[in-house]
Amino acid sequence: MRRNTLKTALLGALAGLGLGTATTEAREPFMIAPIPPNALVGVPVGANLPLDGVWVSQRNLVSWGPVLDDNGNEVGLDLEAAAAGVQLHFVPGWEILGGSYRASALVAGLRIRQEAVDPIPDFLQDDALNFALSDTLISPLNIHWELQPGIFAMAGTGVILPTGENTGRNAANDFSEVGWGAGGYTFFGQTGFSYLRDGWNLSGSFMYFHSTENPRTNYNSGDEILLTGTAMKDLGFVDDALAGFSFGPVGYYRQQITEDDNNGTFFGGQTFGKARSLGYGLAMSKRLGPVNVEFNYTREAGSRGTYSPQAFQLSFTVPLAIFDCPWRRERD
């Protein structure tokens, strides 16, 4: 693998294709999104897990696609990403502000292949493969309310810790080994709603992300919002054999709403435009005893200034330990 060639190609995509006018990545280049935009589609985000205890989710994601400039044109960088994550959920049965409490934490292993392709000149085209751990997401406060039978709302907050690898940016403008960690902290807030009646899962969520400066590059990515939507229906109305299978369309919209800030010399001291991702697809879920299985496929249209992939996600959520909560039993 010719790392120097790839480094030159990466810099060419950033600079030679119009740095500052037709940018490749609106957040800091080579920093992946805080949360994959399709992570919450198909999920009844308003509702808490059905039983008090400790749960684990195993989340698997595969995506592939080009990096786009601010006009939606490919800049000559293609990515293939695979992630396998483990998320722990703690549902102790506590009631806070009239709702049920949950905390969670998530970390993933990443395999990312980047390739320089057309319109990068042929003699600079090359590829590289990276393996790394992701940053760590901790969400210590989430409260879920049942507004009416089958109608739920939630609110929560959390932080993404810069525990992932941020290699290859320690020396000025050296991209010979690209790291995918953010370098700085990302704080987020979330609200969600779910209508779970008559076999429907009609859910939506809103998230707001605020990133701090990456101390290794002195680059501060702008704030972002993420909206997701789900409209799934139990297929039992088609045939009794399909009861328990839910299927339907999903979508997401991610928009950077504040400008980046570059306080250093990386990327020529310049900043990048605001990213936008618009995705749509299909999702299916099935409960198998205590195990909930979720699958979705999404692709993007109309995205700008960011990685624009197609993606498959497969997740399993199972209980590790179920609590017998006397305070909840007495209340009920």
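Screening 247, 272, 323 for residues that are more than 20 Å from the chain's Cα centre (by Cα) and over 30 Å from residue 88 (Cβ atoms) leaves exactly one candidate, 272. Checking the stretch 72-79 against the condition returns a match, with at least one residue being surrounded by fewer than 18 Cβ atoms within 10 Å (Cβ to Cβ), outside any strand (DSSP E or B) and not hydrophobic (A, V, I, L, M, F, W, C).
Return the only residue of 33, 39, 82, 47 being at pLDDT below 80 and either among the small types (Gly, Ala, Ser) or not in a loop (DSSP other than H, G, I, E, B) (or both). That would be 33, the only listed residue that is at pLDDT below 80 and either among the small types (Gly, Ala, Ser) or not in a loop (DSSP other than H, G, I, E, B) (or both). Would you point out the residue of the stretch 99-120, among those that are over 22 Å from residue 187 (Cβ atoms), among the small types (Gly, Ala, Ser) and out of contact with any His (no Cβ under 6 Å at 6 or more places or on another chain), that is surrounded by the most Cβ atoms within 10 Å (Cβ to Cβ)? Looking at the filtered set, the residue picked out is 116. Figure legend. Inter-residue proximity from the stretch 97-108: first residues more than 17 Å from residue 45 (Cβ to Cβ), second residues not acidic (Asp, Glu) and not in a strand (DSSP E or B), beta-carbon distance below 7 Å, spacing 6+ or different chains. Indicated pairs: 107/134; 108/134.
Here are 258, 212, 186: which of them is out of contact with any Cys (no Cβ under 7 Å at 6 or more places or on another chain), β-branched (Val, Ile, Thr) and in contact (Cβ under 8 Å) with a residue 60 or more places away in the chain? After applying the criteria, what remains is 186. Only one entry in 287, 254 is at pLDDT below 95, surrounded by fewer than 19 Cβ atoms within 10 Å (Cβ to Cβ) and not aromatic (Phe, Trp, Tyr), namely 287. Name the residue that is surrounded by the fewest Cβ atoms within 10 Å (Cβ to Cβ), counting only residues in the stretch 259-280 that are on the phi > 0 side of the Ramachandran plot and touching a strand residue (DSSP E or B) at 6+ places or on another chain (Cβ under 8 Å). Among those residues, the one meeting the criterion is 269.
This table checks each residue for (1) among the basic types (Lys, Arg); (2) closer than 27 Å to residue 285 by Cβ; (3) touching a Phe, Trp or Tyr at 6+ places or on another chain (Cβ under 9 Å).
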| site | (1), (2), (3) |
| --- | --- |
| 182 | no, no, no |
| 187 | no, no, yes |
| 199 | no, yes, yes |
| 209 | no, yes, yes |
| 215 | no, no, no |
| 227 | no, yes, yes |
| 231 | no, yes, yes |
| 235 | no, yes, yes |
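Among the residues of the stretch 70-107, the ones that are of a type in the set (A, V, I, L, M) and under 23 Å from residue 146 (Cβ atoms) come to 4 in all. On inspection, residue 93 fails the criterion of being modelled with pLDDT of 85 or more, surrounded by fewer than 23 Cβ atoms within 10 Å (Cβ to Cβ) and assigned to a strand (DSSP E or B).
Count of the stretch 213-242 residues, restricted to those that are among the β-branched types (Val, Ile, Thr) and surrounded by fewer than 15 Cβ atoms within 10 Å (Cβ to Cβ), is 2.
Only a single criterion out of (1) out of contact with any Leu (no Cβ under 8 Å at 6 or more places or on another chain); (2) outside any strand (DSSP E or B) is not satisfied by residue 140, namely (2).
Inspect the stretch 221-233 for any residue being among the hydroxyl-bearing types (Ser, Thr, Tyr), at pLDDT below 90 and within 26 Å of the chain's Cα centre (by Cα) and give the result as yes or no. Checking the stretch 221-233: at least one residue is among the hydroxyl-bearing types (Ser, Thr, Tyr), at pLDDT below 90 and within 26 Å of the chain's Cα centre (by Cα). Strands (runs of 3 or more DSSP E) fully within the stretch 237-331 that include at least 2 residues being of a type in the set (D, E, K, R): 276-288, 291-300. Does residue 303 count as of a type in the set (S, T, N, Q), modelled with pLDDT of 95 or more and under 29 Å from residue 58 (Cα atoms)? In short, no.
Considered as a group, the residues in the stretch 219-235 that are hydroxyl-bearing (Ser, Thr, Tyr) and part of a strand (DSSP E or B) include one that is farthest from residue 297 (Cα to Cα), and that residue is 219.
Every residue, every condition in (1) at pLDDT 90 or above; (2) among the charged types (D, E, K, R); (3) surrounded by fewer than 19 Cβ atoms within 10 Å (Cβ to Cβ), yes or no:
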position: 129; (1), (2), (3): no, no, yes
position: 139; (1), (2), (3): yes, no, no
position: 147; (1), (2), (3): yes, no, yes
position: 150; (1), (2), (3): yes, no, yes
position: 177; (1), (2), (3): no, yes, yes
position: 189; (1), (2), (3): yes, no, yes
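Could you grab me the full set of residues in the stretch 148-162 that are of a type outside the set (Gly, Ala, Ser), in a strand (DSSP E or B) and touching a residue at least 24 places away in the same chain (Cβ under 8 Å)? Within the stretch 148-162, 151, 152, 154, 157, 159, 160, 161 meet the criteria.
The values are calculated or read from the model by the stated rules, or taken from the named source; none is laboratory data. Being a predicted model, the structure only gives us computed values, none of them experimental. Cβ: placed from backbone, ideal geometry, glycine included. Neighbour counts: every protein chain shown.
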